[in-house]
Amino acid sequence: MWSGGAALMRSLAVVLTVTALAGSRGFGAEDQPQATPATWRVGVARRDITPKGPIWMAGYAMRNHPSEGAVHPLWAKALAVEDAEGQRAVIVTTDLIGLVREVSDPVCERVEQSLGLPRQRVLLNSSHTHCGPVIRKCAEVTYGLDAHQSEIIASYTQQLEDHLVAVIEEACGAMQPATLAYGEGEATFAINRRKPVDDGQGIGENPQRPVDHTVPVLAARAEDGRLLAVLFGYACHNTTTPIYQLNGDYAGFAQLALEEQHPGTTALFMIGCGADANPAPRGELALAQQHGQALGQSVDSVLAQPMQPVHSRLRTAFARVELPLVDPPSREAVLELATAENVYQQRLAKLLIQRYDADGALPDSYPFPVQVMRFGSEFSLIGLAGETLVDYAFRLRNELAGERLWVAGYCNEVFAYIPSERVLQEGGYEGGDAMVYYGFHGPFRPGLEDRIVGLVKQLMDQCAAGSP
């Protein structure tokens, strides 16, 4: 693990090589602008959301002090799209560990008041970088924060809400005629991380388990052919390195490389169902850059080839389905848990007692949000909440085989791992052990996969039927 000023200088030196590496490895091809009749309107905006000073960093419980500067800025970026009928939607990407309902709901309420955009037309995604700031109420049991750090995080989270509202408003205020086109590439550095061990399931590298190497790409071009924005995704944790300098991990480096290769373009990364996948190899900042470079090359290869034009028809839907949890413990049992030797169990007990005192009971389910944005007949973007496992992407593509699907995880709120039925039965970190860090008394009940897939199908039918 790197720390201190010398490490920061080494990190910055790595960033300065992005342009040189892009050129020396033949990254991408020059755009060949061609005039095309515009059937959409598109607006793009960005906001720098890098914390202004030291802040506790999210993702790794082993960290024991706040951040030490930044390798590169963290961004909130917005892509607003509007079809020929005036139906508009906004996709927001953020270089963050994840948002929570206490952030997403107020942001969307404010946007509806200021712009008239209903909830179903605003999708918020986080890259899940483990080198960003802690967000208030996101996996709060993970971090042993004192009052001062808690105050810094609360202040940052409030500022973040303001930035998210502003970036959506700015994108909607910058609309211009454009075309949209869709394509898919491939990147191969993700590997499934669930590895059988003597007592169950551990975390390692398991090439025998499933992983999604698809790189979906949506390109927005001006009437003269200039690339205005490129939205792309990949299903893999942003966990290449646990350093103390803020950065976007491989997703951040991929965006940097694409924007360097295509001046004037905004590159937006949206993570897929990669909760059970890690980058390989990992452990150094240079590897994050390497993976970002590989992902950027995949995106650029898609841009360099003929892409599928997206017809001007947008339909959206949003709903929630309750995911039942196992029976909660009694208040007395929680009080006993408070005396456990494990510090995370102690923190969980404190949080559960606070909930008992405030509400008289613990929640027995979670209202899981699902969002669908259907772009003509070319593809549909499905936004699933939480740390979604890869089985969901594969099952949805299999059961909706007549549809081209872009299945994204970590959308709107990150409140827990979302295991498939297979992983729930296997157990292990993603199957239920990680629930403690998110402040839950236990895992989900069986049946959650069918509930989620069922709601996706319902919303897909709703969009196909033509409801805006």
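No lab work stands behind these numbers, since they all come straight from the coordinates. Note that the structure is predicted; figures quoted are calculated from it, not measured. Using ideal geometry, Cβ is built from the backbone for each residue, glycine included, and neighbour counts are taken over all protein chains shown.
General observations
- Among K137, K195, the ranking by other beta carbons within 10 Å of each residue's beta carbon, starting with the fewest, stands as K195, K137.
- Calculated translational diffusion coefficient of region 182-333 (25 °C, 0.890 mPa s; Stokes-Einstein with Kirkwood radius over alpha-carbon pairs) equals 139 µm²/s.
- Length added when fully stretched, R320-I353, from 0.36 nm per residue minus Cα-Cα: 9.2 nm
- Note on region 32-106: Cα-Cα pairs beyond 18 Å make up 61% of the total pair count.
- Between amide H atoms placed 1.01 Å from N, distances below 5 Å from A319 occur with V370, all of them 5 or more places distant or on a separate chain.
- Pair D48, S377: separation of 7 Å Cα→Cβ label points (nm): 4.7
- Placed amide H near T266: partners under 5 Å, 5+ positions off or other chain: A229, V230
- Net charge dipole, region 4-314: roughly 180 debye, given to the nearest 20, about the Cα centre with Cβ charges of +1 for Lys and Arg and -1 for Asp and Glu.
- Phi angles across region 81-86 convert, under the Karplus curve 6.51 cos²θ - 1.76 cosθ + 1.60 with θ = phi - 60°, into 3J(HN,Hα) values of 10, 9, 8, 5, 8, x Hz, Gly and Pro given as x.
- Listed by number, the DSSP H helices of the chain that run 30 Å or longer by alpha-carbon position along their axis and have mean Kyte hydropathy of at least 0.0 are 147-172.
- Taking region 418-433 and a reference point 7 angstrom along Cα→Cβ of D199, the backbone N atoms nearer than 20 Å belong to 424-433.
- Extension gain from T188 to Y344, taking 0.36 nm per residue of separation minus the Cα-Cα distance: 52.7 nm
- Gyration tensor (alpha-carbon) shape descriptor, region 62-198, a/c threshold 1.5: oblate
- Residue-count net charge about R451 - beta-carbon cut-off 15 Å; Lys, Arg +1, Asp, Glu -1: -3
- All lysines inside 23 Å of K77 as judged from Cα atoms, apart from same-chain residues fewer than 8 positions distant: K52, K137
- Derived scalar couplings between HN and Hα for region 62-70 equal 6, 5, 10, 7, x, 5, 10, x, 9 Hz in order, rounded to whole Hz, by the Karplus curve 6.51 cos²θ - 1.76 cosθ + 1.60 (θ = phi - 60°), x for Gly and Pro.
- Neighbour-count ranking [beta-carbon atoms within 10 angstrom, fewest first] of T188, T265: T188, T265
- Whole-Å distance, taken between Cα centres, linking region 389-462 and region 56-87: 23
- Between E85 and R331, the modelled labels are 5.3 nm apart [label points 7 Å from Cα along Cα→Cβ].
- Net charge, T129 excluded, C-beta distance under 10 Å - Lys, Arg +1, Asp, Glu -1: -2
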